[in-house]
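As structure tokens, the structure follows; a few thoughts come after it.
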Amino acid sequence: MPPGPHDPQSDFLPGKKSRPQKDSAFGERLWEKAGTPIMVGASVVLVLAAGWLITEGQRNAGSSLAALSPTQAEELRLLSLKKEAAFESQRLNKGVIDEGDLALLGEAVQAQEDYLASRGALASENARLETIRRRYHVIQAERQRALSTEAEDKSTALAKTDHASAMRELRRAVEAERLIESRWIFSGYADVGKIARLDTRLRRLEAEPLKEKTQALEAQAEAAFAAGRFEEAVKLLGEAIETEQTFVEKYRDVLDTEFARAERLANRQETMRSHPLYQQIVAAEQAAAAAMARYAKAPPGPAQEAESARAAQAFERAMTIQAQLTQEFPRSAWATAQRKSDFETQRNRWRAAASLQDVATRTQTMAKHLRTGQTAEALALARELREKLTRVEADNPGVVPPEDPFRRQLEYVTTHAATIQAILPKLDQLVAPVTGTGLRMMKQEISQGFYSTVMGANPSASMRENLPVESVAYADAQSFCEALGWMCGRTVRLPTVGEYKAALGDLTKPPAAQVAWTFDNTDGVTARPVGTSQPASGGFYDLLGNVEEWAQDEGKEEFASVVGGSVNWVPVSGLPLRKALKREKSRTIGFRIVIE
């Protein structure tokens, strides 16, 4: 076998030591320990160097003054005294000093400052320098204050007639006050509060034109809208919105601002943009109203069906356009979901008009059956009509809500079939005619048992089947009348005060004890069972005494009449009568009914 390849010759030379590599980790450890101090030191050096360069001019000036000889320094002091004396002389000889005079005092201050600098002294060490410098600053500040006051007064006078000039004068006043604050600092006249007040007045004047412009643009937009120039109105409102936004961004803190004004204007602009669609909705409503008016005049049958179809189509159109308006212009004043819902309900109502009319007509037939004692026919018809209304509501949601009178009547009749069959045959026995009226009134007060049978509940405080029902408000008595009317197919109501008087007859004498439960023959608290007294003329029981009774109210006031007195009434001649809040409930107030 041939030998394999030779191993490569090693580069290692015997007798030579390999160079050791640098330890890079050492440098990193060194920087971690010394890096931060090095950087801080470098920063300090840079700051000192910058300070040296910045103050070089001052040092040079100070150096030059420090290099003055004592004689030259004394000349500066004398010069300061000379300038001050010249100023005082001018001040005594002249009524009003001018800029040239003030310059003398300023030169005196400067010479005294240079004198002190040449001696290496601080200005605070020299009382004379502080005195003349303060005097110089006070005079200058007083001149600026006078200018500021004059400009402010002029601005106030011009504010109502020349807006631009008023702003110009206020700017002069602000500049003068700021000059006092920044330059004449030793006067003690600087007034930061006054600067802020003047600046606020200035910004308020600057803001006024923007506010007035917004109002003018809004008024122009409304006028254009009223004139039918809708595109122009929208454009003007857009300008008003931009102006208002600028006003709020710059000046909302200095002027009374309606912060939601821009949003209100934007909503109004969107309302204007939606106006074409709104006009279409109004046209559809008008078409529906015309169809409804024709429906009311048309004879039953095809003519009415045609008009109801037209009304339904018009409301369908209004509903569709309303949905479009709400989607495209959600911030419009006319973009309300309720309007769409109302249009939908109206469409459904007129789409179901024929069915609803049929239910109304046949409900009258049902009531007629009840009046004539055809109970089986009436109940069968009630069940049929209730089912029909259920189908109508399913096909046309919202047309027959729970409070619909026909729905309530049919539901009551169908759910009280057994009660109706029990009450109807006996109802005529419970009433008696009222002389001279042609009406029939309940012979006795409504008992708790009768009330519970009709209403399914007994509100009385002292419960007993044959006691008169009490603790009933006026509305409770009205609800009983409505329900009993559904049962018998007739109008049932409370008697009027006049009908009570007609039923009572002669009221010139107090009632006999046997015909009225009063304070004289009871404990004055507890009512007696109905029909247990002797009947008065006409066959009526307890028209006086036992419990007071609600009388029919002719108006919509919150009070109604309560008649007849109760067990706590002391019998006298005449009809006991008082006004009571309709919501009043008492253990001594009940009622009876009239059946027409």
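The values are calculated or read from the model by the stated rules, or taken from the named source; none is laboratory data. Quick caveat, the model's predicted, so the values are computed rather than measured. Here Cβ is always computed from backbone atoms with ideal geometry, including for glycine, and neighbour counts include all displayed protein chains.
Are any residues in the range 433-456 of a type in the set (A, V, I, L, M, F, W, C) and at pLDDT 95 or above, and if so, which ones? Talk me through it step by step, then tell me what you get.
Of the residues in the range 433-456, the ones of a type in the set (A, V, I, L, M, F, W, C) are 434, 439, 441-442, 446, 450, 454-455.
441, 442, 446, 450, 454, 455, listed by residue number.
Of all the listed residues (435, 372, 361, 415), the sole one being of a type in the set (S, T, N, Q), under 16 Å from residue 491 (Cα atoms), surrounded by fewer than 18 Cβ atoms within 10 Å (Cβ to Cβ) and out of contact with any His (no Cβ under 8 Å at 6 or more places or on another chain) is 372.
Criterion applied to 477, 473, 461 was being crowded, with 20+ Cβ neighbours inside 10 Å, assigned by TED's automatic domain parsing to the domain that holds residue 564 and within 57 Å of the chain's Cα centre (by Cα), and the one residue passing it is 477.
Looking only at the range 322-340, how many residues end up being surrounded by 14 or more Cβ atoms within 10 Å (Cβ to Cβ) and either touching a residue at least 60 places away in the same chain (Cβ under 8 Å) or of a type in the set (Gly, Ala, Ser) (or both)? Counting residues in the range 322-340 that are surrounded by 14 or more Cβ atoms within 10 Å (Cβ to Cβ) and either touching a residue at least 60 places away in the same chain (Cβ under 8 Å) or of a type in the set (Gly, Ala, Ser) (or both) gives 5. When each of 85, 146 is tested for being at pLDDT 90 or above, within 30 Å of residue 69 (Cβ to Cβ), part of a helix (DSSP H, G or I) and aliphatic (A, V, I, L, M), the lone residue that passes is 85.
Among residues of the range 440-458 being part of a loop (DSSP other than H, G, I, E, B) and touching a residue at least 40 places away in the same chain (Cβ under 8 Å), the one that is surrounded by the most Cβ atoms within 10 Å (Cβ to Cβ) is 445. Within the range 384-397, does at least one residue satisfy the condition of being among the aliphatic types (A, V, I, L, M), farther than 26 Å from residue 312 by Cα, out of contact with any Gly (no Cβ under 9 Å at 6 or more places or on another chain) and surrounded by fewer than 16 Cβ atoms within 10 Å (Cβ to Cβ)? There is no residue in the range 384-397 that is among the aliphatic types (A, V, I, L, M), farther than 26 Å from residue 312 by Cα, out of contact with any Gly (no Cβ under 9 Å at 6 or more places or on another chain) and surrounded by fewer than 16 Cβ atoms within 10 Å (Cβ to Cβ). Contact annotation: residue pairs with Cβ atoms under 6 Å, 6 or more positions apart or on different chains, pairing a residue in the range 152-170 that is without any contact (Cβ under 8 Å) to a residue 40 or more places away in the chain and farther than 14 Å from residue 203 by Cα with a partner that is in a helix (DSSP H, G or I) and polar (S, T, N, Q), are 158/165. When the range 217-269 is filtered for residues that are among the basic types (Lys, Arg), modelled with pLDDT of 90 or more and within 24 Å of the chain's Cα centre (by Cα), only 268 remains. Taken together, 482, 548 contain a single residue that is acidic (Asp, Glu), buried (at least 22 other Cβ atoms within 10 Å of the Cβ) and either at pLDDT 95 or above or not assigned by TED's automatic domain parsing to the domain that holds residue 435 (or both), which is 548. Annotation for the range 205-218: no member residue is out of contact with any Gly (no Cβ under 6 Å at 6 or more places or on another chain), assigned to a helix (DSSP H, G or I) and within 30 Å of residue 137 (Cα to Cα).
Provide a single number: the residues in the range 103-138 that are hydrophobic (A, V, I, L, M, F, W, C), surrounded by 17 or more Cβ atoms within 10 Å (Cβ to Cβ) and in contact (Cβ under 8 Å) with a residue 40 or more places away in the chain.
Filtering the range 103-138 for residues hydrophobic (A, V, I, L, M, F, W, C) gives 103-105, 108-109, 111, 116-117, 121-123, 127, 129, 132, 138.
Pick out the ones that are also surrounded by 17 or more Cβ atoms within 10 Å (Cβ to Cβ) and you get 104-105, 108-109, 111, 116-117, 129, 132.
If we keep only those that are in contact (Cβ under 8 Å) with a residue 40 or more places away in the chain as well, we get 117, 132.
Summing the residues that are hydrophobic (A, V, I, L, M, F, W, C), surrounded by 17 or more Cβ atoms within 10 Å (Cβ to Cβ) and in contact (Cβ under 8 Å) with a residue 40 or more places away in the chain in the range 103-138 gives 2.
Among the conditions (1) assigned to a helix (DSSP H, G or I); (2) free of Cβ contacts under 8 Å to residues at least 24 places away in the same chain, residue 314 misses just one, which is (2).
Residues in the range 330-384 that are more than 30 Å from residue 309 (Cα to Cα) and of a type in the set (D, E, K, R): 331, 368, 371, 377. Any residue at all in the range 270-277 that's modelled with pLDDT under 90 and either not aliphatic (A, V, I, L, M) or not in a loop (DSSP other than H, G, I, E, B) (or both)? Checked against the condition, which is being modelled with pLDDT under 90 and either not aliphatic (A, V, I, L, M) or not in a loop (DSSP other than H, G, I, E, B) (or both), the range 270-277 yields no hits at all. Could you tell me whether any residue of the range 209-217 is among the polar types (S, T, N, Q) and in the same structural domain as residue 246 (by TED's automatic domain parsing)? Scanning the range 209-217, I find at least one residue that is among the polar types (S, T, N, Q) and in the same structural domain as residue 246 (by TED's automatic domain parsing), so the answer is yes. Determine, yes or no, whether residue 244 is within 23 Å of residue 274 (Cα to Cα), surrounded by fewer than 18 Cβ atoms within 10 Å (Cβ to Cβ) and out of contact with any strand residue (DSSP E or B) (no Cβ under 6 Å at 6 or more places or on another chain). It is false that residue 244 is within 23 Å of residue 274 (Cα to Cα), surrounded by fewer than 18 Cβ atoms within 10 Å (Cβ to Cβ) and out of contact with any strand residue (DSSP E or B) (no Cβ under 6 Å at 6 or more places or on another chain).
Tell me the residue from 366, 292, 319 that is closer than 30 Å to residue 415 by Cβ, at pLDDT 95 or above and assigned to a helix (DSSP H, G or I), please.
Numbers: 292 fails: closer than 30 Å to residue 415 by Cβ; 319 fails: closer than 30 Å to residue 415 by Cβ.
366 is the lone residue from the list that is closer than 30 Å to residue 415 by Cβ, at pLDDT 95 or above and assigned to a helix (DSSP H, G or I).
Consider the range 261-276 and keep the residues that are more than 12 Å from residue 330 (Cα to Cα) and of a type in the set (D, E, K, R). The one that is surrounded by the most Cβ atoms within 10 Å (Cβ to Cβ) is 261. Against the conditions (1) surrounded by fewer than 22 Cβ atoms within 10 Å (Cβ to Cβ); (2) over 24 Å from residue 554 (Cβ atoms); (3) of a type outside the set (Lys, Arg), residue 489 satisfies every one except (1).
If you go through the range 402-419 one residue at a time, do you hit one that is assigned to a loop (DSSP other than H, G, I, E, B), over 30 Å from residue 567 (Cα atoms) and of a type in the set (Gly, Ala, Ser)?
Of all residues in the range 402-419, those assigned to a loop (DSSP other than H, G, I, E, B) come to 402-404, 416.
From what's left, over 30 Å from residue 567 (Cα atoms): 402-404, 416.
Applying the additional criterion that residues be of a type in the set (Gly, Ala, Ser) yields none.
There is no residue in the range 402-419 that is assigned to a loop (DSSP other than H, G, I, E, B), over 30 Å from residue 567 (Cα atoms) and of a type in the set (Gly, Ala, Ser).
Looking across the range 65-101 at every residue that is in contact (Cβ under 8 Å) with a residue 40 or more places away in the chain and within 16 Å of residue 139 (Cβ to Cβ), the one that is surrounded by the most Cβ atoms within 10 Å (Cβ to Cβ) is identified as 84.
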